[in-house]
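Enquirer: I have a structure here, written as structure tokens, and I will follow up with some questions on it.
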Amino acid sequence: MLRYQILPVTDFQQNCSLVWCDQTNEAALIDPGGEIPRLLAAVQQRGLTLKAIWQTHAHIDHAGATGQLAREQGLPIVGPHPDDQFWIDGLPQQSQMFGFPPAEHFTPTRWLQDGDTVQLGQETVQVRHCPGHTPGHVVFYSPTAQRAFVGDVLFAGSIGRTDFPGGNFEQLIASITQRLWPLGDETVFIPGHGPESSFGAERRSNPFVSDAAVRRG
Ligand SMILES: [Zn+2]
Ligand SMILES: [Zn+2]
């Protein structure tokens with residue numbers, strides 16, 4: 001089974017997720033935006049072996065510590081989709097703009113595409129390309145755990161911002177309704193910020209993407 005622990009990092013309280021295979025204790029960190037010592041302490045506390053960094057998108061609160069962590073721990077960086085290259089290139093400016101410590105540039109070891117799978121111990125995690133918040137945003141979905149790590153695509157009661165360069169509102173709505181909803185109403189998602197929810201709950205009541213709101217257009 002895939003297990004996970006949420007570790008909110010940075011002033012943006014970004015939900016970095018420590019995920020691991022409970023058969024092998026192999027672990028990955030999804031979106032290490034900052035606070036490397038705290039993240040490594042959590043890995044150590046659980047007796048896990050850190051194998052990779054998985055990246056949903058390259059905004060500073062999600063990717064601020066990715067380069068340094070990968071270099072220091074010798075970890076591969078998996079994701080995001082290549083359309084986020086310009087956000088990776090812009091990390092130094094993002095650091096300055098939002099008052100983050102200087103972020104190291106990085107080159108993903110493996111770019112991700114829609115339909116790819118990522119292996120962690122005995123767990124196979126699926127990849128969905130969900131553009132709209134950023135063009136190269138991906139979501140990680142575990143069918144066995146019925147969990148989706150959705151970054152800034154969808155929140156409990158809200159959706160990701162689309163007013164950044166490369167953002168696109170219609171595309172974001174399509175990503176959510178066509179690439180996330182088919183994963184099932186029972187699927188619980190871990191958003192980049194704030195509490196967990198399920199796709200079914202959002203289809204009932206999210207003002208942006210509920211079934212009623214989508215029908216209204
Ligand atoms: Zn973002
Ligand atoms: Zn964010």
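Enquirer: Identify all residues within region 175-217 that are farther than 12 Å from residue 148 by Cβ, among the hydroxyl-bearing types (Ser, Thr, Tyr) and in a loop (DSSP other than H, G, I, E, B); write none if there are none.
Expert: Within region 175-217, 210 is the sole residue that qualifies.
Enquirer: Give me the strands (runs of 3 or more DSSP E) completely within region 104-163, filtered to those with at least 2 residues that are within 16 Å of ligand 2 (Cβ to nearest atom) and touching a residue at least 12 places away in the same chain (Cβ under 8 Å), ordered by residue number. Spell out how you get there, then give the answer.
Expert: Details: elements: 117-120, 123-129, 138-142, 147-151.
By residue number, 138-142, 147-151.
Enquirer: Go through (1) touching a residue at least 60 places away in the same chain (Cβ under 8 Å); (2) away from ligand 2 (no atom under 16 Å from the Cβ); (3) farther than 20 Å from residue 161 by Cα; (4) not charged (D, E, K, R) for residue 47 and report which single condition fails.
Expert: (1)
Enquirer: Go through region 5-16 and give me each residue that's away from ligand 1 (no atom under 15 Å from the Cβ) and of a type outside the set (Val, Ile, Thr). Even if it seems obvious, please write down each step before you answer.
Expert: Taking region 5-16 as the starting set, the residues that turn out to be away from ligand 1 (no atom under 15 Å from the Cβ) are 5-7.
Result: 5, 7.
Enquirer: As an exercise: evaluate residue 192 against (1) more than 16 Å from ligand 2 (Cβ to nearest atom); (2) under 19 Å from residue 77 (Cβ atoms); (3) of a type in the set (Gly, Ala, Ser) and give the number of the one condition it does not meet.
Expert: (1)
Enquirer: Quick one: in region 22-33, which of the residues that are crowded, with 21+ Cβ neighbours inside 10 Å and at negative phi is nearest to ligand 2 (Cβ to nearest atom)?
Expert: At the first step, the residues of region 22-33 found to be crowded, with 21+ Cβ neighbours inside 10 Å are 27-33.
With at negative phi added as a condition, the list becomes 27-30, 32-33.
Working: 27: 22, 28: 18, 29: 15, 30: 12, 32: 13, 33: 8 Å.
Ranking the candidates gives 33 first.
Enquirer: Here is a further query. For region 118-137, give me each residue that is out of contact with any His (no Cβ under 8 Å at 6 or more places or on another chain) and buried (at least 16 other Cβ atoms within 10 Å of the Cβ).
Expert: Pass one, region 118-137, residues out of contact with any His (no Cβ under 8 Å at 6 or more places or on another chain): 118-128, 132.
Once the filter is applied, which keeps residues that are out of contact with any His (no Cβ under 8 Å at 6 or more places or on another chain) and buried (at least 16 other Cβ atoms within 10 Å of the Cβ), region 118-137 yields 118, 120, 121, 123, 125, 126, 127, 128, 132.
Enquirer: Next question. Output the residue which, of all residues in region 138-175 that are within 16 Å of residue 211 (Cβ to Cβ) and more than 15 Å from ligand 1 (Cβ to nearest atom), is surrounded by the most Cβ atoms within 10 Å (Cβ to Cβ).
Expert: Top of the filtered list is 173.
Enquirer: Under the condition of being within 25 Å of residue 99 (Cα to Cα) and away from ligand 1 (no atom under 16 Å from the Cβ), which residue from region 43-69 is surrounded by the most Cβ atoms within 10 Å (Cβ to Cβ)? Steps first, answer last, please.
Expert: Start the filter on region 43-69 by keeping residues that are within 25 Å of residue 99 (Cα to Cα), which leaves 53-69.
Then keep just the ones that are away from ligand 1 (no atom under 16 Å from the Cβ); that gives 53, 67-69.
Working: 53: 25, 67: 20, 68: 17, 69: 22.
Among residues in region 43-69 that are within 25 Å of residue 99 (Cα to Cα) and away from ligand 1 (no atom under 16 Å from the Cβ), the one surrounded by the most Cβ atoms within 10 Å (Cβ to Cβ) is 53.
Computed from the coordinates by the stated procedures, all read-outs in this text should not be read as laboratory data. The model shown is predicted, which means the values in this text are computed figures rather than measured ones. Ideal geometry is used to build each Cβ from the backbone, glycine not excepted, and the neighbour counts take in all protein chains shown.
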